[in-house]
Amino acid sequence: MKVFLERFMSSKDQVSSQFSQLEQLKRQVTAIYGLLSNIYGSDKLVLRAGKLEALQLMRSDKIEERVLALQKLVFEDPTYEALPTMEEIPDILEAIQDEIADIIARRTVEEELEKKIGEKMNQRHEDYIREIKMQVIKENTGPENAQTLKRLAILEKLDSKKLASSAMKLLRPETFEEIVGQERAVKALLAKLASPFPQHIILYGPPGVGKTTAARLALEVAKSMQGVSFSKDAPFVEVDGTTLRWDPREVTNPLLGSVHDPIYQGARRDLAETGVPEPKLGLVTDAHGGILFIDEIGELDPALQNKLLKVLEDKRVFFDSAYYDPNDPNVPQYIKKIFAEGAPADFVLIGATTRDPEDINPAVRSRCAEVFFEPLTPAAIQRIIHQAAKKLQVEMDEQIPETISEYTIEGRKAISILADAYGLACFRQQSEGTQGSVYITQQDVYEVVQVSRLTPYVLRRASADQEVGKIFGLGVSGYLGSVLEIEAVAFEARSQGQGNIRFNDTAGSMAKDSVFNAASVIRKISGKDISNYDLHVNVVGGGRIDGPSAGVAMMLAMLSAVQDLPLPQDIAVTGEVSIQGKVRAVGGVFEKIYGAKQAGIKKVFIPEENHKDVPADLKGIEVIPVCNVEEILAAILPGYKLPILAS
C-alpha cells in the first residue's frame, strides 16, 4: 500500500508538473500572439494568417496547432505542415522568440530610418512647394515690382505724348526726282547697285547734297528691279563713322561684333553660370544680304578700317575666345557654329565722306567704286526751296529762293532756313490772329539769317566793269569751289633795278613761287623788268592758296598793274604758270567751275590738260581751255600787242 501510495503521489506530481508546463507553454504562446498583434496589428495579423494558411490553426485550442501557426506567421513560410511534439515546442518557441526579436530590431531601425526619410521628404517637399510658388510668382509678375511698374507707367504716359514730325523729316527727299542737282551721281550710283554684281561704293561730296538719301533710295530701286542680287527684305544699316568707337582689346566692337566672356564682360546669365563665352554679332552681320552705309567713313579708326577690309574679303566675321572649349557639352549649337564657321557678313559697303580721296585708306578705295556728288548751284538751291515750300503747303515771296541761295550751298541748310522762316511766319500769324494758310515773307528769312549769324556764301561777284590790276582766280576747299579776288598795284621803283615785290605771307610758299614765275613771264611777253617796280600783290580776304593753281591769275593781275591794262571782271582763270608762259594742269577744276558759276562768272579759262575734267553737258558758263598765257591775253585784251612776239 505504501508503495502504491508512493507511486501515486509520484505520478500525481509528474502530472501536476506536466500540467504546469503546458500552462506555461500556452501562456507563452498567447504572449507571443499578443506581441505579433502589437507588431502587425490585429487586422493585419488575421490577413497575414489567411495568406499563409494559418488562420484555422491560429484559432485552434490545441497548442501544437497554434505553435504551427506561429511558425508560419513568424517565418512567413506556408510550407510548414508537421505538427510539433510537446518536446519540440519549447525549442520552436525559443526560435520564434529569437526571430521576433530580430523583427522588432529591424522594425525599430526601419522606423528610425522612415522617420528620418520622412523628415527629409518633408523638407524636400516644402522646398519644392516653395520653389513652385516662386516660379509661379515669377511667371505671373516676372522681375516687376511696384517701383518698376510705376516707372513703366511713366514711360508709357510719355510715349502717349507725341509732337508733330519735324519739318526736316517731312522735307527729306522721297524720290530721286527730289534729289536736285545730282542726276549724274544718282545714275552712277544706281548703275553700280542695280546689277547682278553690285560693287562697294564710296560717295564723295560736300555736306547736305543728298548722299545718304540717295544711297537709301538706290537700294529700294534696286530691290524692285529684275536680275539684282538684293532680296525684297534686304536691310539698309546706317551708322556714322565718327561714333564707331571700339576697344583694341576687342572687349566691344559694335561694327564687327565681339565675344563677351563669362567672367568679366557679362555674358548671359545661363551661359556665364556654365562658363560659356557669348558672341555678340555686329552691324556687319545685321547688314548681311543688304547695304552697310557708313557716313563719314574717312573718320573711321584706321585699325578698324583694316579689320573691315578683312570682313569684305571673307564675307564672314570670325570670333575667338580663350574661354571657348569646343568639347564642352554646355555650349549651345549656335555658339559652336559661330566659333567654327564665323558669322555671315555678305553685304555691299557704301561709305560717304566729305574728305578728299587722298585722305581715304588706299586699300578701302581700291575695293570700292567712287562716285562724286556735285556742289549745288544757286539754281539747284532755288529748286529745292520751291520743292520744300510745296511740301509744306505754304506761299512765300518770290525773292525768297534766291535770297536763301545766297547764304548756303547745302540743300539741308537751305531747307533748315526755310523751316525756321516757316516757324516765324506761323508765330507771327498766331500773334496777329490771322487765319488761313501760312505766308512766308522776305523779312522772315532775313530774321532767321540774322539770328543764325549767317553770311552770304558768295562774297565776291562778277560784274561787267573792267579794272586795272584785279582779276578773279579760282580755288577749292574740300568739294567746294570759290573765286579768289587777286589784286596788284605797281609803282616805279625809287632806284632802277631796286624794286620790291610784296605778297601775302598767309597765302603759302608755293603761291610766292608763282609770283616770281609770273615776274619772268611778264618780262618775257612785255619786255618790262619787274625789278624796276615796287609791286604789291594781295589775295583779298587773306585766303590761303594751296599750290600754284593761282599762278596765271597773279601773272595777269601783275601785268595789268605794270602796264595799266584794265581787265574784265566777269572772267576767272586757273592754272599753274611756268616761266615760259605755259599754263599747266591743276586739280579741282570741276569744283572751281561750279564756284565760278555761283559768283556769276561768264567765262573761265582753264589749262588745256584739264579739258577732259569739264562736264559735257555744262550750262550757264563758258569754259575756254588754253595752252599759254598769250591765248588768254588775246581773248581778254584783243588790242594788246605782244612786243617780243611782234618784233
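Where a number appears in this text, it was derived from the coordinates with a stated rule and is not lab data. Just so it is clear, the model here is predicted, and its values are computed rather than measured. Cβ sites come from the backbone with ideal geometry, for glycine too, and all protein chains shown count toward neighbours.
Give me, ordered by chain and number, the residues 5 or more places off L567 or on other chains with an amide H under 5 Å from its own placed amide H.
Answer set, sorted by chain and number: E467, V468, G469, K470.
Test of understanding: extend the Cα→C-beta vector of F372 to 7 Å, then name every residue of region 567-592 with backbone N under 20 Å from that spot.
572-576, 584-592
Sorted from fewest to most neighbouring beta carbons within 10 Å, what does the list H260, H386 look like?
Numbers: H260 20, H386 14.
Ascending Cβ contact count within 10 Å gives the list H386, H260.
Convert each backbone phi in region 464-477 into a coupling constant with the Karplus relation 6.51 cos²θ - 1.76 cosθ + 1.60 (shift: θ = phi - 60°), then list the ³J(HN,Hα) values in order as whole Hz, x for Gly and Pro.
8, 6, 10, 9, 7, x, 9, 7, 9, x, 10, x, 9, 10
Report the calculated FRET efficiency for E609 and A303 (r = Cβ-Cβ distance, R0 = 45 Å), to the nearest 0.05. Could the numbers behind the result be given before it?
On the way: r = 39 Å, r/R0 = 0.86.
The computed FRET efficiency comes out at 0.70.
Kindly put T175, T408, T212 in sequence by how many other C-beta atoms sit within 10 Å of each C-beta, fewest to most.
Values: T175 10, T408 21, T212 17.
Listed from fewest to most nearby Cβ atoms, that is T175, T212, T408.
For I501, list long-range residues whose amide hydrogen, built 1.01 Å from N in the peptide plane, is under 5 Å from its own amide hydrogen.
It is L535, by chain and number.
If I fit a long axis through the Cα atoms of helix 378-392 and take the longest principal axis of the Cα atoms of the chain, what angle between them do I get, 0 to 90°, rounded to 10?
Between the helix axis and the principal axis of the chain, the angle is about 50 degrees.
Once R0 is set to 56 Å, what does the formula 1/(1 + (r/R0)^6) return for the Cβ-Cβ distance between K115 and K336, expressed as a FRET efficiency to the nearest 0.05?
On the way: r = 50 Å, r/R0 = 0.89.
For K115 and K336, the calculated efficiency is 0.65.
Before anything else, pin down the relative contact order of the chain: Cα pairs under 8 Å, at least 6 apart, normalised by residue count, whole percent. Walk me through the numbers before you get to the answer.
On the way: 1008 pairs, mean separation 58.7, N = 647.
The normalised contact order for the chain reaches 9 percent.
Given the chain, what percent of its DSSP beta bridges are antiparallel, to the nearest 5?
Values: 27 of 61 bridges.
Percent antiparallel among DSSP bridges in the chain is about 45.
State the extension gain, in nm to one decimal, for the chain segment bounded by Y33 and E622, taking 0.36 nm per residue of separation less the distance between their alpha-carbons.
Values: separation 589, 0.36 × 589 = 212.04 nm, distance 13.37 nm.
This chain segment gains 198.7 nm when fully extended.
Relative contact order of region 173-372: what whole-number percent is it, with Cα pairs under 8 angstrom and at least 6 residues apart?
Values: 343 pairs, mean separation 57.9, N = 200.
About 29 percent, as a whole number.
So for region 385-451, averaging the separation of alpha carbon pairs under 8 Å that are six or more residues apart and normalising by length, what relative contact order in percent results? Could you put the intermediate results ahead of the total?
On the way: 57 pairs, mean separation 27.7, N = 67.
After rounding, I find 41 percent.
Using helices alone, what [θ] at 222 nm do you get for the chain, with -39,500 (n - 2.57) per DSSP H run of 4 or more residues, divided over all residues and rounded to the nearest 500? The partial results should precede the final answer.
On the way: 23 runs with 305 residues, N = 647.
It lands at -15000 deg cm²/dmol.
What net charge do the residues around A105 carry, taking every other residue with its C-beta under 13 Å from that of A105, with Lys and Arg at +1 and Asp and Glu at -1?
Result for the local shell: -4.
Taking the Cβ of each residue in L376, L155, L193 as the centre, tally the other Cβ atoms inside 10 Å and list the residues starting with the fewest.
The most exposed by this proxy come first: L155, L193, L376.
In degrees from 0 to 90, rounded to the nearest 10, what is the angle of the helix 509-526 Cα long axis to the longest principal axis of the chain?
Once rounded, the angle reads 20 degrees.
Can you find, among Q182, A54, N38, the residue sitting farthest towards the positive end of the charge dipole of the chain, where Lys and Arg contribute +1 and Asp and Glu -1 at Cβ?
Positive-end residue among those listed: Q182.
Any idea how far the Cα center of region 374-443 sits from the one of region 62-124, in Å?
Here the answer is 110 Å between Cα centres.
How far is the Cα center of region 291-330 from the Cα center of region 563-593, in Å?
The two parts, judged by their Cα centres, are 49 Å apart.
Roughly how tilted is helix 183-193, in degrees to the nearest 10 and between 0 and 90, from the longest Cα axis of the chain?
30 degrees
Only Lys, Arg, Asp and Glu count, each charged at its Cβ (+1, +1, -1, -1), so figure out the dipole size of the chain about its Cα centre, rounded to 20 debye.
Numbers: 75 positive and 92 negative charges, 298 e Å.
The dipole magnitude comes to about 1420 debye.
Given R₀ = 56 Å, FRET efficiency for D61-H125 by Cβ-Cβ distance, to 0.05?
Using R0 = 56 Å, I get an efficiency of 0.65.
Whole-Hz Karplus ³J(HN,Hα) for region 341-348, in order, using 6.51 cos²θ - 1.76 cosθ + 1.60 and θ = phi - 60°, x for Gly and Pro?
Per-residue couplings from phi come out as 10, x, 9, x, 8, 9, 9, 9 Hz.
May I ask which of K592/K612; K307/K336; K232/K337 have a Cα-Cα span longer than 25 Å here? Mind dumping the intermediate values first?
Working: K592/K612 14 Å; K307/K336 23 Å; K232/K337 27 Å.
Exceeds cut-off: K232/K337.
Considering amide H positions built from the backbone, and no H for Pro or chain starts, which residues 5 or more places from L454, or on another chain, come under 5 Å of its amide H?
Residues meeting the criterion, in which the H sits 1.01 Å from N, do not exist here.
If the viscosity is 0.692 mPa s and the temperature 37 °C, what translational diffusion coefficient in µm²/s does Stokes-Einstein give for region 385-451 when Rh comes from Kirkwood over Cα pairs? Walk me through the numbers on the way to the answer.
Numbers: Rh = 11.9 Å.
After rounding, the answer is 276 µm²/s.
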